[in-house]
Amino acid sequence: SLVGVALQQRKDPPENLESTSKGRPLHRAQEEHRRCGTTAANTHMTRLRILCFHSFRLSGDNMRKQLFDLANLGASLADLATLDFVDGGHRLGDDALPERLQALFPPPYFEWWNAREGAGGTAIYDHLEASLAKVERHIAEHGPYDGYLGFSQGGCVAHTLSLLSMRDPSFASRVPAPRFAILLSCRLSRHTEHSELVAGAAAAPLP
C-alpha cells in the first residue's frame, strides 16, 4: 500500500521526521532486527530499493548529504534499504542558491519544475514534463524500485508519480506503481493538469 509519512502542506521543515517499516516506527523495526539478529547481512534478505527525490534547487548528491551527513535518516535506513538518487529534469546555473548556502550545498543545482500561477488557485509547472520523462528513463534503466522517498518539492514528485502510476493506465504501463512512498514536508500538486487526479485521490484514497 502507499504509505505517506510526514506529508505536510507547509514550507518549514518538520521537527520530527519518522519513517515506517511494515507499519512500525523505523527505529523500533531496526531494534527488533538487532535483538533477533535478523539483519540483512546474516539473513540474506532482499534489501528494499528506494528512489529518492531531492528538494527545490538542490541535487541528488546534496540530498544524500542531507540524509547521511546532516541527519540520521540515511543511516537509519541503511540496514533495510539501498537508496538511489536522481536529479531533477531542469538544470539551473551555479548561482541558483544564495552564496552563503553554496559552501554547504555545492552545485550543480536542479529543480523538478518552476511554478507560476494559473487559474482558480492552480499553478502551471514549467519543466514538469522534462522531469517526468527523466524519471521514467531512470526507472527503465536502473529500476525497479520498491518505493520512493521525497523531500519538499521532491515529495510532491514522489506523490504525483504514485498517483499517475495508480490512476493513469498509460503512465502505469511505463512506470510501475511503488509499494510505498515516504513523503517529507511536501504538498499536493497544484499543477492545472493534475486537478482531477488530486481530487480523485481525495475522494477515493490510494490503496
Original post:
Which one is surrounded by the most Cβ atoms within 10 Å (Cβ to Cβ), of the residues in region 117-153 that are β-branched (Val, Ile, Thr) and assigned to a helix (DSSP H, G or I)?
Top reply: 135
Original post:
In this structure, is residue 105 in contact with a strand residue (DSSP E or B) (Cβ under 7 Å, 6 or more places away or on another chain), within 19 Å of residue 151 (Cα to Cα) and in a strand (DSSP E or B)?
Top reply: no
Original post:
Which pairs have Cβ atoms under 6 Å, sit 6 or more apart or on different chains, and link a residue in region 73-98 that is farther than 18 Å from residue 135 by Cα to one that is outside any loop (DSSP other than H, G, I, E, B) and among the β-branched types (Val, Ile, Thr)?
Top reply: 81/50
Original post:
Could you say which residue among 184, 188, 163, 128 is more than 17 Å from residue 55 (Cβ to Cβ), in contact (Cβ under 8 Å) with a residue 12 or more places away in the chain and either in contact with a helix residue (DSSP H, G or I) (Cβ under 9 Å, 6 or more places away or on another chain) or of a type outside the set (Gly, Ala, Ser) (or both)?
Top reply: 163
**OP:** Kindly list the number of the only condition in (1) of a type in the set (Phe, Trp, Tyr); (2) in a helix (DSSP H, G or I); (3) buried (at least 23 other Cβ atoms within 10 Å of the Cβ) that fails for residue 171.
**Re:** (3)
**OP:** Go through region 46-76 and count every residue that is under 21 Å from residue 144 (Cα atoms), open to solvent by 10 Å² or more (accessible area, probe 1.4 Å) and at pLDDT 95 or above.
**Re:** 4
Original post:
Only one of (1) within 25 Å of residue 74 (Cα to Cα); (2) in contact with a helix residue (DSSP H, G or I) (Cβ under 8 Å, 6 or more places away or on another chain); (3) not polar (S, T, N, Q) is not met by residue 139, so which one is it?
Top reply: (2)
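The values are calculated or read from the model by the stated rules, or taken from the named source; none is laboratory data. What you see is a predicted model; the values in this text were computed from it and never measured. Please note: Cβ atoms are built from the backbone with ideal geometry, for glycine as well, and neighbour counts cover all protein chains shown. We work out accessible area using only protein heavy atoms, side chains counted, and drop any ligands, DNA or RNA first. Shrake-Rupley method; radii C 1.70, N 1.55, O 1.52, S 1.80 Å.
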